[in-house]
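Contents: one structure, followed by commentary.
Values quoted throughout were computed directly from the atomic coordinates according to the rules given, and no laboratory measurement underlies them. It should be emphasised that the depicted structure is a prediction, and the values quoted were computed from it without experimental measurement. No Cβ is skipped: glycine too gets one built from the backbone with ideal geometry, and neighbour counts run over all protein chains shown.
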Amino acid sequence: MVEKEREVQTQRRLAIIGEMSAQIAHEIRNPLQKILTGVEFLRDYCEPGNETVIDVVSKGVSSINQVISKMVEYGRTTSLNLQEIDINNMVEGIISGIRSRLNSANIKLTKDFPDKGRVELDPVRFRHALQNIMDNAIDAMPNGGNLKVSMRFLCEEKNLPSKTLCTVINPSSRLEIKISDTGTGMDKEAIEKLFTPFYTTKVSGSGLGMAMVKKIVDLHKGEVSINSKRGSGTEVTISIPMKMVT
């Protein structure tokens, strides 16, 4: 009963976010732009050595704008634009984009991909979800570590175990993606709240990243789970039924 009530309350919050996000963005961004314009105007009259104050205000405004953009995107994410893509190429593209961060943070990457991986999903939204998870993994390893990204297709047939690898992708297959790190990890309380909108363990986080991941996976009729322990790293598993996206 408590769990059901919590779910109802969550759906109410999400509905409010969806209805009000565009209006909030409009009402807040207009005065923010005026503040930013005024701050940049004052920069020309700022005495030497006081530019730091201007920079702090400017960065603060930019940070608010980023949160607003994420909130609007979260509220608007209600449908998918399914396309046939090569999931291997998509993930390789994400990895190419974070390669410099991996090198700078002394993080070793290991990959385990299937030979073939053409699937139907929303490439923009799904890429956003995977990117967010990998960014979180990097943030969790400020002193270096290991990042592993693995993918496989599992068969769901009555006469086969649930974790049987598929030799041929068919409507009964599931795409499973695991992203694991050797970072700081999370305790049980943090894991339970991780997908709650506006909950974050980061100093500068918006709290919408993993909530968006959950929403995108749900739209694909899939599941996302977290396995983590404080001080022992985190593993995020996404599982999507191919029969729901073909």
Relative exposure of LEU82, LEU102, judged by other C-beta atoms within 10 Å (fewest first): LEU82, LEU102
Ranking of CYS46, CYS155 by count of other Cβ atoms within 10 Å, fewest first: CYS46, CYS155
Ranked packing of 28-35, 183-190, 219-226, most packed first, by mean Cβ within 10 Å: 219-226, 183-190, 28-35
Two-site FRET efficiency, ILE54 against LYS116, from Cβ-Cβ distance with R₀ of 45 Å, rounded to 0.05: 0.25
Förster radius 35 Å - calculated FRET efficiency between ASN106 and CYS46, Cβ distance, rounded to 0.05: 0.35
Ranked GLU27, GLU120, criterion: other C-beta atoms within 10 Å, fewest first: GLU27, GLU120
Length released on extending from ILE95 to VAL67, taking residue separation times 0.36 nm less the Cα-Cα span: 7.6 nm
